[in-house]
1. If contacts are Cα pairs under 8 angstrom and at least 6 residues apart, what is the relative contact order of the stretch 1-71 in percent?
2. Per residue of the stretch 6-20, in order, report the coupling 6.51 cos²θ - 1.76 cosθ + 1.60 (Karplus, θ = phi - 60°) as ³J(HN,Hα) in whole Hz, putting x for Gly and Pro.
3. Out of all DSSP beta bridges in the stretch 1-104, what portion is antiparallel? Express it as a percent rounded to 5.
4. Report, in listed order, any pair from LYS57/LYS124; LYS75/LYS114; LYS51/LYS75; LYS51/LYS97 with a Cα-Cα distance greater than 25 Å.
5. Could you tally the net charge around LEU92, taking each other residue with its Cβ under 12 Å from the Cβ of LEU92, Lys/Arg +1 and Asp/Glu -1?
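A short reminder: the numbers here are calculations on the coordinates, not readings from a lab. Quick caveat, the model's predicted, so the values are computed rather than measured. Glycine also receives a Cβ, built like all others from the backbone with ideal geometry; neighbour counts cover every protein chain displayed.
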Amino acid sequence: EGLTGLVAYAGDAHTVTPLTEDTNTIENLLPSLNPEMMPVPGSNPASAIEKSLQLFKNAGMETGLILIVSDGVEKASDLTQFKNQKFPISILSLGSKQGGSIPLDSKYSSDILKDQNGNVVITKVAPKELDAITKITFGRHRSASLLNTDIIELLDTPSFLGIETEETNLKADVWHDLGFWLCLGMLPLVLFSFPRAIFSGLLLLVIP
């Protein structure tokens, strides 16, 4: 429900789709995303958050949830510097504590992800660290599962409940629908416009 946008990031961030109600478009674009598409390798979530906040600003949104899908965060300050209760930051982590390589399966090759020096990138998830980060950013951390309970819990963040709302003094015109009295006044004209036989039949229906 509401508006959803998509930002992809590695060493830098790029807007895939601005905020939109058409989530089908986002779903159709997801399969085409690949780490090899990113011009700058690495992990820079700060740039992605900046892009996200700009999307909210462009859409005139005063509050919104930022959900990061990642295998971890190298520097906590990349996220905590943006702490704002109106824009909580949650994390859906992919991976395990033991760690593992990232397979790259594209049309051209089937390999594993390597850094600029040719070393295999090993990802390890630190749940406690991510829990601590999202506590500061008014969000939540959940590990990805086969069920959709992780997403439901992340989207159901309680942070918005603490935001005070301002009452507006906008007044709207309340229309009193009195059109039915006009219809009653026009009823005799409508009846007399019918042939006499039909008019008699109508009278028989009305008069016992």
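1. Relative contact order for the stretch 1-71 comes out at 35 percent.
2. 9, 10, 9, 9, 9, x, 9, 10, 9, 7, 8, 9, x, 4, 8
3. Antiparallel: roughly 50 percent of the beta bridges in the stretch 1-104.
4. Violating the 25 Å limit, Cα to Cα: LYS57/LYS124; LYS51/LYS97.
5. Spelling it out: positives minus negatives among the neighbours equals -1.
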